Every structure is written in C-alpha cells, then in structure tokens.
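Here is the structure we will look at.
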Amino acid sequence: MTLSLLTTGCYILSQSGTFLADRISTRSFKQVLSDPAVSDETRMFLKEVERINDFATRYAGLKASKNYTVYRNLNRDHLAYIVYGAGRFSFEKHMWDFPIVGSLPYKGFFKLSGAKKEQQKLIDQKYDTWISIVDGFSSLGFFKDPLYSSMQEYSPYHLANLICHERTHATIWVKNQIDFNEQLASFIGEKAAEAYVRRNYGGESTEYTDIFKQKHDQELFIQAVFNLRTQLTTLYKNTALSEPARLKEKERIISEFKIRFAENHDKDYLTDQYSRIAELPINNAFIAIYGVYYERMDLFSDIYTYCGEDLKTMIELLQSFDGTEEDPVPTLQELIASNLSQ
C-alpha cells in the first residue's frame, strides 16, 4: 500500500504534521538494541526484521535502502486509515490525483476523523465507500520508511509479506498503473515471505505449514468476492430496472452472499481470518479493493514461471518499467504468449 501524503492544500497541512512527527520520533535499530530498557521481545522483533530485509535484497532482488531500519513506537495498534470509493452501480473506482505517484484509488489519513470527512464527501456524491486500516506504507524511497511497534505481534510470514510488499513499491513503481503496482507487490510479498519462512523456520515448522492454510482461505475468499462482483455486474447492466429497484436487488444479493458465507464458513475455511466477513457492510468499494490487489495473479504467476521461479530474475525483468507511465500488462502478456507458443 502506498500512503500518499505528498499532495497540496488542506490535505498536506492536516497530514504532514503526523508524518514528520513519525520521522522525528524514530530511532535506529542500533539505538533501540543498545537501550537496556528495551524488552527481549522487541529485540527479537528487530532482529527478525533485519533478517527479512537482508533476505529481501539478496533473494528477491528488492532495492537496498534505509527503509525499515528505523523504529517508531506507536500508542495505537495500527498506523493509518485508508478511504476507498466506487460507483453505487458499478465497480469504477474513485481516483485521487497526487504529485509524483499519479492517480490512486485510495487516500490515507493518520486520524479517523479525517478519513470520515473524506468518506462523507464521497457519500454525498453517491459513491459506495470503505475505510480500512493499514499497518505500513511506502513513500517510494523519498523518505526513510519506519518500522512500527504495532507490527510486533505479526507472524513471521505476515511481517515478511508486509515488508517485501512495501519494498517492492520502492523498487518498481509505474505511474498511474496502480492495479499493476499493487498486484505485483502482492505477488512478490507473498512469494518472498513464503520463501523466507521456509528458509528460516523450516518446511515442517508450524510457521511454514500455517501459510498454506491462510493461502487456501485467501484464494477461496477472493474467488467468492469475484463471483459476487460478477453477479452484481449483471444486475447493474440491467437498465430496464429503475434505480430504486436495482438498489433493492443489490441489497438482496449482498445479503444472501453474507448469509451463505456465514452458513458455510466453518465447513469451507481452515482458519478464522474471514470469520467476521458476514458482519461487515459489504458494498462496491469493498469488492473493488480486491480487484486492485488480486485481479491478475495468474499473469504474475506466469511471469514467475517464465523467470525460472526466481524472484530476483523477475524483478530484473520488471524493472524496465520502473518510473514509466506505460501499462506493462500488454507487453508482459505478449511475452508470456510468445514463450508458450515456442
């Protein structure tokens, strides 16, 4: 996730204070580790992050940087809030324009009050909206991104996934191609984290075997969301229905989805990570988020195979697009198709 704070007007005034305070309040790992008051748990956490950073550079070929080499103690259990918007009768995402990074389908706030004000603006324009919390972000190398104390409770896989996801953004960023950027980072983050845990904890460890339960559930849930999206898309195309009738049918379809999900959860899912989905106010913005992050995982899997299942080779191939505005997908699809035809 790229939390874009480099914008203009009231937004930068409301966000930059917290952003700068975060940086002023950080301490280097060396400073933290030399502090006798620091707990053993925090020391182990920082050592884990050092191993992940080294692995991300050596194994995945992610750009070496000072990111995640400084520590910030938070007085909350998450970093920031992200606002999303999508059409009431479509999955077209609301986009915000930012300098340097281009258009993004989300806007970040350090305070919930700011996120709710932005959400209300979208609601007033008849958008579906969603607010989620985030635990980390990438400033694309313009600032030294800190490690937050709220990450200390993560599993090794979750921690490695987050760090490698954000470091992918700092290694490859294609302006105005947010779906490509997020899907690439999701793929690299997951693959690198899986390899890290296997190498450092062993293929028979609980830390490693639990990954595949989580991945099973994630893939099952994403497919369920995409199926729901297909069903709603069919509804939205039915212009014979009045707007009130479509809204009523939309609510019925989502309600039935949640009922079926709750009824089948314990039978279908291996973990409880999605156990409360049926309690959420699911709407088009919520559904659209999953397209941003997971729409083309098959393409990235094909590229990974083409690169000999070597992440460093894959990163080297994709770095030719870094800093451009060209959509890499058609070129990559052509490359894969050409390889398959040989």
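Using the structure shown, decide if residue 100 is in a loop (DSSP other than H, G, I, E, B), in contact with a Phe, Trp or Tyr (Cβ under 8 Å, 6 or more places away or on another chain) and not small (Gly, Ala, Ser). Spelling it out, residue 100 is indeed in a loop (DSSP other than H, G, I, E, B), in contact with a Phe, Trp or Tyr (Cβ under 8 Å, 6 or more places away or on another chain) and not small (Gly, Ala, Ser).
Here residue 174 fulfils each of the conditions (1) within 15 Å of the chain's Cα centre (by Cα); (2) outside any helix (DSSP H, G or I); (3) aliphatic (A, V, I, L, M) apart from (1). If you go through the stretch 148-185 one residue at a time, how many are in contact (Cβ under 8 Å) with a residue 60 or more places away in the chain and closer than 19 Å to residue 64 by Cα? Result for the stretch 148-185: 16. Of the residues screened, residue 221 is not one that is under 24 Å from residue 291 (Cβ atoms), without any contact (Cβ under 8 Å) to a residue 40 or more places away in the chain and among the aromatic types (Phe, Trp, Tyr).
Reported count of residues in the stretch 53-97, each being part of a loop (DSSP other than H, G, I, E, B), farther than 18 Å from residue 145 by Cβ and at pLDDT 85 or above, is 9.
Check 147, 104, 140, 122 and return the single one that is modelled with pLDDT of 95 or more and aliphatic (A, V, I, L, M).
Working: 147 fails: modelled with pLDDT of 95 or more; 104 fails: modelled with pLDDT of 95 or more; 140 fails: modelled with pLDDT of 95 or more.
The match here is 122.
Taken over the stretch 59-91, the criterion of being farther than 18 Å from residue 133 by Cα and without any contact (Cβ under 8 Å) to a residue 60 or more places away in the chain is satisfied by 64 alone.
Per-residue answers, yes or no, for (1) over 21 Å from the mean Cα position of the chain (by Cα); (2) under 18 Å from residue 84 (Cα atoms); (3) of a type outside the set (Asp, Glu):
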position: 274; (1), (2), (3): no, no, yes
position: 281; (1), (2), (3): no, yes, yes
position: 301; (1), (2), (3): no, no, yes
position: 307; (1), (2), (3): yes, no, yes
position: 310; (1), (2), (3): yes, no, no
position: 315; (1), (2), (3): no, no, yes
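Residues in the stretch 260-285 that are out of contact with any helix residue (DSSP H, G or I) (no Cβ under 8 Å at 6 or more places or on another chain) and surrounded by 17 or more Cβ atoms within 10 Å (Cβ to Cβ): 285 only.
Taking the residues in the stretch 286-309 that are without any contact (Cβ under 8 Å) to a residue 24 or more places away in the chain and in a helix (DSSP H, G or I) as candidates, determine which candidate is surrounded by the most Cβ atoms within 10 Å (Cβ to Cβ). It comes out as 305.
Only one of 295, 325, 316 is of a type in the set (Asp, Glu) and within 20 Å of residue 218 (Cβ to Cβ); which?
After ruling out the rest, the residue left standing is 295.
The sole residue among 20, 5 that is modelled with pLDDT under 80 and buried (at least 17 other Cβ atoms within 10 Å of the Cβ) is 5. When the stretch 243-299 is filtered for residues that are in contact with a strand residue (DSSP E or B) (Cβ under 8 Å, 6 or more places away or on another chain) and at pLDDT 95 or above, the ones remaining, listed by number, are 283, 284, 285, 286, 287, 288. Considered as a group, the residues in the stretch 197-220 that are part of a helix (DSSP H, G or I) and surrounded by fewer than 13 Cβ atoms within 10 Å (Cβ to Cβ) include one that is nearest to the chain's Cα centre (by Cα), and that residue is 219.
The values are calculated or read from the model by the stated rules, or taken from the named source; none is laboratory data. What you see is a predicted model, and the numbers here were worked out from it, not measured in a lab. Positions of Cβ are backbone-derived with ideal geometry, glycine not excepted, and every protein chain shown enters the neighbour counts.
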